1. Any residue at all in the range 37-44 that's farther than 29 Å from Thr245 by Cα, more than 16 Å from the chain's Cα centre (by Cα) and open to solvent by 30 Å² or more (accessible area, probe 1.4 Å)?
2. Under 8 Å by Cβ, and 6 or more places apart or on different chains, what pairs join a residue from the range 61-76 that is more than 21 Å from Asp143 (Cβ to Cβ) with one that is among the charged types (D, E, K, R) and part of a helix (DSSP H, G or I)?
3. Condition test on Val204, is it open to solvent by less than 50 Å² (accessible area, probe 1.4 Å), in a helix (DSSP H, G or I) and in contact (Cβ under 8 Å) with a residue 40 or more places away in the chain?
4. Scanning the range 243-280 for residues that are in a loop (DSSP other than H, G, I, E, B) and of a type in the set (D, E, K, R), which turns out surrounded by the fewest Cβ atoms within 10 Å (Cβ to Cβ)?
5. Would you pick out the residues in the range 103-127 that are open to solvent by 50 Å² or more (accessible area, probe 1.4 Å) and farther than 14 Å from Gln236 by Cα?
6. List pairs: first in the range 169-187 and modelled with pLDDT under 95 and assigned to a helix (DSSP H, G or I), second basic (Lys, Arg) and buried (at least 19 other Cβ atoms within 10 Å of the Cβ), Cβ under 8 Å, 6+ apart or cross-chain?
7. Of the residues in the range 207-242, how many are closer than 20 Å to Cys180 by Cβ and open to solvent by less than 10 Å² (accessible area, probe 1.4 Å)?
Amino acid sequence: MLQAALGVTAFSLTFPATAWGLEGFGPWSLVAVRCVLAAVIAGGALLALRVPVPARRHLAGLAVVAAGVVVGFPLLTTLALQTSTTAHAAVVVGLLPLTTALFSALRTGARPSRMFWLAACTGAAAVIAFTVQQSGGALTGADAYLFCALLICAAGYTEGGRLARLMPGWQVIGWALVLCLPLSVPGALIALSYEPVHLTAHSVTGVLWVAAGSQFLGLVVWYRGMAAIGVPKASQLQLAQPLLTLVWSVLLLGERLTPAAPLTAAAVLVCIALTQRARG
């Protein structure tokens, strides 16, 4: 549970770090460079520890992880953050735990209890209400990107959690990143040739964090946590992620929060406690 919580903390910084990265990079360049840097870190670790190549039967699952977590979610949310605030984008994260639990039930045959689903839906509703209120209740053109990102990321999380029971979690994301290199390297070269780059302290820090923290280290502990406590329960810890993201948004981006934040945080923590106690 602690490892899954550390992963959620790392993910909560992704949107603010992406906003920083967009100050100096175009959306396509940011995502491609992020993938390449994370793959270099992961590939170096795999080589240093002489990790054998995954069995062929695992390649399809790794491809799902790569499509959902390495490429799809980062790209779609980065495109959304060009016109959406981090508070509005946090709606995606608020819905992600419930969507991941649904994908897990379909993929692995998991059957959480009614209490689990009631607490999960209540927590998701609280997060959605809070994040929509923060964004003024208005829907933007970025919503299509956000909802597509929600679905593809849930699929990647579910498949990654399943694979993490068969191999160490860091190897799951490590091999998924390495598999993307044939696409991410030329993609980075093409994107950088078309999109202007303005290196600043914010943009460099943002790129480094989303590559090393969000894309690799955060997913390492996240997949290990999911393998240990199960995908449905681990996914409910992400109910706290939008609130953490909003805190970072205040500290790093200067956004303002309403007094509803403490009340929502308390409701979410109660829901998390109930989902952890529920037995499937």
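The values are calculated or read from the model by the stated rules, or taken from the named source; none is laboratory data. Because the structure is predicted, anything quoted here is derived from the model rather than measured. Here Cβ is always computed from backbone atoms with ideal geometry, including for glycine, and neighbour counts include all displayed protein chains. What goes into the accessible areas is simple: the full protein's heavy atoms, side chains included, and nothing from ligands, DNA or RNA. Shrake-Rupley method; radii C 1.70, N 1.55, O 1.52, S 1.80 Å.
1. Scanning the range 37-44, I find at least one residue that is farther than 29 Å from Thr245 by Cα, more than 16 Å from the chain's Cα centre (by Cα) and open to solvent by 30 Å² or more (accessible area, probe 1.4 Å), so the answer is yes.
2. Sorted first by the residue in the range 61-76, then by its partner, the pairs are Gly61/Glu159; Gly61/Arg162; Val64/Glu159; Val65/Glu159.
3. So Val204 does not fit the description; no.
4. Step by step, filter the range 243-280, then rank; the result is Arg279.
5. If the condition is that a residue be open to solvent by 50 Å² or more (accessible area, probe 1.4 Å) and farther than 14 Å from Gln236 by Cα, then Leu106, Arg107, Thr108, Arg111, Arg114 are the ones that fit.
6. As it stands, the answer is Gly169/Arg224; Trp170/Arg224, since those pairs meet every condition given.
7. Adding up the residues that qualify gives 10.
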